[in-house]
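K.L.:
One structure, as structure tokens, below. Some questions next.
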Amino acid sequence: MPIVQVQFSPWDKVYDFSMSNDIAATVGDFVIVDTEIGKELGKITAFIDASKQEIELKTVLRLASLDDAKSVYNNERRDQAMSLCQDLITRHNLDMKLIDARYSYTGNRLTYAFASDGRVDFRELVKDLNASLNLNIRLLQIGSRDEARCEGDCGPCGLELCCRRFVRDFSSITSEMAEAQQVVHRGSDRISGMCGRLMCCLSFEYVGYKEMAAQLPPLGTKIKVEGRIGTVIGHHILAKTIDVRFPPEHEGERALIIKVDPNKKVDKKDKEKENKFRRF
């Protein structure tokens, strides 16, 4: 049986389910699945290798119908739930930003997603929501990336956010990735996404930049260029050139820095050029 990954909300994580071969579903289809707390409606985000699963999974029951979707995605009911919760948040003076509300497929559970810079004591809020709605209330704190994915926006490139279009799993984006691509000098504002974190796209070409950088002499390497020995002090990865600093030949002169192509072919017939690029 194929294994599918299903997501119930844009801000929720994905879950693995087994699916019968009789169900003709593709990525993007909505399905009804069996969970530990009852039936639920979710969206298929990916198919994965069934051989990697060693535990027994809950199953996909069937494709969702239009009526199934209407029972969950009811904007009027959602807006009422959001308005009630926001009023209670204000009344309790809680430092939290309400992002979304989602009813379960069976209608007996309501999940609120919120963002906050720190931990929030929302016990009294839950009590009031339970008293008002008589439902199983769940509050889920999400990160800034999930908030951006849920609310949507355009990135600095002018396109829709990658997390809204195709990024499913948020990998760790590090400053090392920005340094490898030589964009740290732009400042944190220009390499941060709408979520305030380092842009996800920094990971897209990171491996390629590392491979190209490995083809250049490391920083600090001594290199001989046309008879003079200098030190590699900079890389131009896309141009595949390096900056080499030569010490001043005479007192009072400034150090000379030139751009060099270390992979330039050398004319072997000319003995003076045989050692044009030699590392020490």
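Derivation of every value follows stated rules applied to the coordinates shown; laboratory data play no part. Just so we're clear, the structure is a prediction, and the values are computed from it rather than from any experiment. Neighbour counts are summed over all protein chains in view; Cβ atoms, including those assigned to glycine, are modelled from backbone coordinates with ideal geometry.
K.L.:
Against the longest alpha carbon principal axis of the chain, how many degrees, from 0 to 90 and to the nearest 10, is the axis of helix 123-133 turned?
P.N.:
50 degrees
K.L.:
Run through segment 94-160 and list the chymotrypsin sites (Phe, Trp or Tyr not before Pro) located in a DSSP loop whose Cβ has at most 13 other Cβ atoms within 10 Å.
P.N.:
In loop regions of segment 94-160 (DSSP not H, G, I, E or B), there are no sparsely surrounded chymotrypsin sites (Phe, Trp or Tyr not before Pro).
K.L.:
Sorted by average packing, counted as other Cβ atoms within 10 angstrom per residue and highest first, what order do 12-18, 68-74 take?
P.N.:
Going by the mean number of other Cβ atoms within 10 Å, highest first, we get 12-18, 68-74.
K.L.:
With the dipole of the chain worked out from charges on the C-beta (+1 for Lys and Arg, -1 for Asp and Glu) around the Cα centre, which of Ile23, Thr221, Leu110 lies farthest toward the positive end?
P.N.:
Looking along the dipole axis, the top candidate is Thr221.
K.L.:
Going down the table (Lys43/Lys210; Lys39/Lys70; Lys58/Lys97; Lys70/Lys127; Lys13/Lys210; Lys222/Lys259), which pairs top 26 Å between alpha carbons?
P.N.:
In this structure, Lys43/Lys210; Lys58/Lys97; Lys70/Lys127; Lys13/Lys210 exceed 26 Å between Cα atoms.
K.L.:
Using only the Cα atoms of the chain, construct the convex hull and provide its projected area averaged over every direction, in square nanometres to one decimal.
P.N.:
Quarter of the Cα hull surface area: 24.3 nm².
K.L.:
Report the calculated FRET efficiency for Lys13 and Gln182 (r = Cβ-Cβ distance, R0 = 25 Å), to the nearest 0.05.
P.N.:
After rounding, the FRET efficiency stands at 0.15.
K.L.:
Compute the Rg to Rh ratio over segment 75-142 from the alpha carbon atoms, using the Kirkwood formula for Rh, and round to two decimal places.
P.N.:
0.93
K.L.:
How long are the semi-axes of the equivalent ellipsoid of segment 155-210, defined as square roots of 5 times the Cα gyration tensor eigenvalues? Whole Å, largest first.
P.N.:
18, 14, 10
K.L.:
Mind ordering 170-177, 247-254, 38-45 by average Cβ neighbours within 10 Å, highest first?
P.N.:
Put in order of decreasing packing, that is 38-45, 170-177, 247-254.
K.L.:
Evaluate the relative contact order of segment 155-210 (contact order divided by residue number), counting alpha-carbon pairs under 8 angstrom at least 6 apart; express in whole percent.
P.N.:
For segment 155-210, the relative contact order is 38 percent.
K.L.:
Further, regarding this structure: Starting from the Cα of Glu253, step 7 Å toward the Cβ, then list every residue of segment 209-245 with an amide N under 20 Å from that point.
P.N.:
Hits in segment 209-245 for Glu253 at 20 Å: 222-233, 243-245.
K.L.:
Given contacts defined as C-alpha pairs under 8 Å and at least six residues apart, what's the relative contact order of the chain, whole-number percent?
P.N.:
Relative CO of the chain lands at 10 percent.
K.L.:
Over segment 75-142, what is the mean sequence separation of C-alpha contacts under 8 Å (at least six apart), divided by residue count, expressed as relative contact order in percent?
P.N.:
With pairs under 8 Å counted, the relative contact order is 30 percent.
K.L.:
Compute the distance from the alpha-carbon center of segment 31-79 to that of segment 100-134, in whole Å.
P.N.:
Rounded to whole Å, the Cα centres lie 21 Å apart.
K.L.:
For helix 75-92, report the angle its Cα long axis makes with the longest principal axis of the Cα atoms of the chain; keep it between 0 and 90° and round to the nearest 10°.
P.N.:
Here the helix axis deviates by roughly 80 degrees.
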